[in-house]
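The values are calculated or read from the model by the stated rules, or taken from the named source; none is laboratory data. Since the structure is predicted, the reported quantities are computational estimates derived from the model, not experimental observations. Positions of Cβ are generated from backbone atoms using ideal geometry, with glycine treated the same way; all protein chains shown enter the neighbour counts. Please note that ligands, DNA and RNA were not included when accessible areas were found on the heavy atoms of the full protein model with its side chains. Shrake-Rupley method; radii C 1.70, N 1.55, O 1.52, S 1.80 Å.
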Amino acid sequence: MPLHVPSAPAPALRSVLAALGSPTAVREARTSALRSVQGPLSPELPLPVHVLDRIAPTRTPPRTRLAAWRFLIRSEGRAIAAADTMLTPDGWSFSHFFEGPYLASTELAVRQAEASPTAYQARLLSIPELYMLTLWLHDSTEDDSSDTSGGVLAPADVLVPLAPAPPGIAAHRPHRVADLLPVMTLRVAPGPLLSSA
């Protein structure tokens with residue numbers, strides 16, 4: 001089954017298009033590739049960005065919060081930057097442009113996920129405690145796949161760590177949430193106290 005990439009809210013897309021059309025926003029971006037490109041730019045592959053604020057061992061599936069929509073900015077068929085939007089009291093608004101290793105890593109993870117026989121909805125999951133970003137493959141057969149605001153990490157969902165991944169966690173290797181969550185919990189657990197003897 002094909003990977004389901006959700007449609008971004010129209011205001012989020014409009015805000016990114018407006019920023020791309022603004023010489024000031026592009027010139028002030030901290031992305032040299034975006035400032036130096038000569039051809040047309042297009043925002044593609046919109047993905048909702050969820051945040052897992054706290055990793056802790058619990059009996060219930062962890063909840064996330066929808067924090068942003070991310071678009072890859074393409075020029076001449078290749079991703080050169082990304083744009084994030086954020087939710088404000090007035091709706092979705094452009095936040096910032098950026099570049100870096102997560103662009104190519106996101107594209108690679110999405111291509112790998114497209115080959116899966118299982119129907120998934122693509123999302124991004126940020127795990128600030130580990131400085132980690134994953135492609136979150138949410139099982140779209142379990143619920144309404146058009147709702148991207150829901151944020152329960154189901155045990156059968158799949159997380160694909162993007163590069164660079166934290167030490168000891170392989171990038172681009174798919175893990176079921178039920179398998180990766182205990183590993184992440186151990187990584188943030190406090191270490192043993194040192195005695196002063």
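A few remarks follow.
- Where labels lie 7 Å past Cα in the beta-carbon direction, separation of M86 and H172 in nm: 3.2 nm
- Prolate is the label for the chain. Its Cα gyration tensor axes, ordered a ≥ b ≥ c, give a/c of at least 1.5 and a/b above b/c.
- Estimated from helices alone, the mean residue ellipticity of the chain at 222 nm is -7000 deg cm²/dmol (sum of -39500 (n - 2.57) over DSSP H runs with n ≥ 4, per residue).
- 0 to 90° range, to nearest 10: angle between helix 101-114 axis and the chain longest Cα axis: 80 degrees
- Among 178-185, 132-139, the order from most to least packed when residues are scored by Cβ within 10 Å on average: 132-139, 178-185
- Inter-centroid distance (Cα atoms) of the stretch 110-132 relative to the stretch 68-105, Å: 16 Å
- For the chain, the solvent-accessible area works out to 53 Å² per residue, with a probe of 1.4 Å and every protein chain left in place.
- Degrees between helix 177-188 axis and first principal axis of the chain (Cα, 0 to 90, nearest 10): 80 degrees
- For the chain, relative contact order (Cα pairs under 8 Å, six or more residues apart, normalised by length) works out to 22 percent.
- Around R176: net Lys/Arg minus Asp/Glu count, Cβ-Cβ under 11 Å: -3
- Added length on full extension, which subtracts the Cα-Cα distance from 0.36 nm per residue, R59 to S36: 3.3 nm
- Convex hull volume per residue in cubic angstrom - Cα atoms of the stretch 48-125: 145 Å³
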